[in-house]
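Enquirer: Please find one structure pasted underneath; my questions will follow.
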Amino acid sequence: MAVKLLELLFTDACDTVVLVTGDTDLAPAVRTARELCPEKEIMFGFPYKRKNRELEKLVSRSFVFSKESYAKYQLADPFRLPDGAKVWKPQSW
């Protein structure tokens, strides 16, 4: 994700990046991206119960996915891939 973040910003592929994670291993890449591309916006979308204060301090905006949003935005089961193959989600979901 760190490399893709920098690639997207350096190639001017977008103006805003939303990173959906709570993992602090992305902090160095976000700091570098903000230094090198200060005109771009980087946001964090934190998974349910994964909000991270260290990451939150690195960006101007962030949000937390609610528990309910997981059920609301799941793909169909089964999900059909472009080649026609089907993928089923685990029963525990």
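Enquirer: Might you let me know whether the stretch 67-87 holds any residue that is assigned to a loop (DSSP other than H, G, I, E, B), on the phi > 0 side of the Ramachandran plot and open to solvent by less than 90 Å² (accessible area, probe 1.4 Å)? If you could, list the steps in order and put the result at the bottom.
Expert: Within the stretch 67-87, the subset assigned to a loop (DSSP other than H, G, I, E, B) is 73-78, 81-85.
Remaining after also requiring on the phi > 0 side of the Ramachandran plot: 84.
With open to solvent by less than 90 Å² (accessible area, probe 1.4 Å) added as a condition, the list becomes 84.
The answer is yes, given that some residue of the stretch 67-87 is assigned to a loop (DSSP other than H, G, I, E, B), on the phi > 0 side of the Ramachandran plot and open to solvent by less than 90 Å² (accessible area, probe 1.4 Å).
Enquirer: Any residue in the stretch 3-24 that's loosely packed, with under 10 Cβ neighbours inside 10 Å: show its pairings with residues that are in a helix (DSSP H, G or I) at Cβ separation under 8 Å, as long as the two are six or more apart or on different chains.
Expert: V3/A29
Enquirer: Now for a different question. Could you tell me which numbered condition L58 fails, if it satisfies all but one of (1) hydrophobic (A, V, I, L, M, F, W, C); (2) in contact (Cβ under 8 Å) with a residue 24 or more places away in the chain; (3) open to solvent by 80 Å² or more (accessible area, probe 1.4 Å)?
Expert: Against the list (1) hydrophobic (A, V, I, L, M, F, W, C); (2) in contact (Cβ under 8 Å) with a residue 24 or more places away in the chain; (3) open to solvent by 80 Å² or more (accessible area, probe 1.4 Å), L58 comes up short only on (3).
Enquirer: Run R31 past the list (1) open to solvent by 40 Å² or more (accessible area, probe 1.4 Å); (2) assigned to a loop (DSSP other than H, G, I, E, B); (3) in contact (Cβ under 8 Å) with a residue 24 or more places away in the chain; (4) not aromatic (F, W, Y) and report the number of the one that doesn't hold.
Expert: Condition (2) is where R31 drops out.
Enquirer: Follow-up question, since we're still on this one. Take the residues in the stretch 51-66 that are in a helix (DSSP H, G or I) and touching a helix residue (DSSP H, G or I) at 6+ places or on another chain (Cβ under 8 Å), then tell me which one is nearest to R31 (Cα to Cα).
Expert: Narrowing the stretch 51-66 to residues in a helix (DSSP H, G or I): 53-58.
Filter once more, so that each one left must be touching a helix residue (DSSP H, G or I) at 6+ places or on another chain (Cβ under 8 Å): 54-55, 58.
On the way: E54: 11, L55: 10, L58: 7 Å.
Filtering first and then ranking leaves L58.
Enquirer: If you don't mind, another one. Could you tell me whether Y48 is within 27 Å of L8 (Cβ to Cβ), open to solvent by 70 Å² or more (accessible area, probe 1.4 Å), hydroxyl-bearing (S, T, Y) and in a loop (DSSP other than H, G, I, E, B)? Break it down stepwise before answering.
Expert: Values: within 27 Å of L8 (Cβ to Cβ): yes; open to solvent by 70 Å² or more (accessible area, probe 1.4 Å): yes; hydroxyl-bearing (S, T, Y): yes; in a loop (DSSP other than H, G, I, E, B): yes.
Against the criterion (within 27 Å of L8 (Cβ to Cβ), open to solvent by 70 Å² or more (accessible area, probe 1.4 Å), hydroxyl-bearing (S, T, Y) and in a loop (DSSP other than H, G, I, E, B)), Y48 qualifies.
The values are calculated or read from the model by the stated rules, or taken from the named source; none is laboratory data. Predicted model only: the values in this text are computed from it and were never measured. Cβ coordinates were reconstructed from backbone atoms using ideal geometry, including for glycine residues, and neighbour counts include every protein chain displayed. Each accessible area value is taken on the protein alone, full model and side chains, heavy atoms only, with ligands, DNA and RNA left out. Shrake-Rupley method; radii C 1.70, N 1.55, O 1.52, S 1.80 Å.
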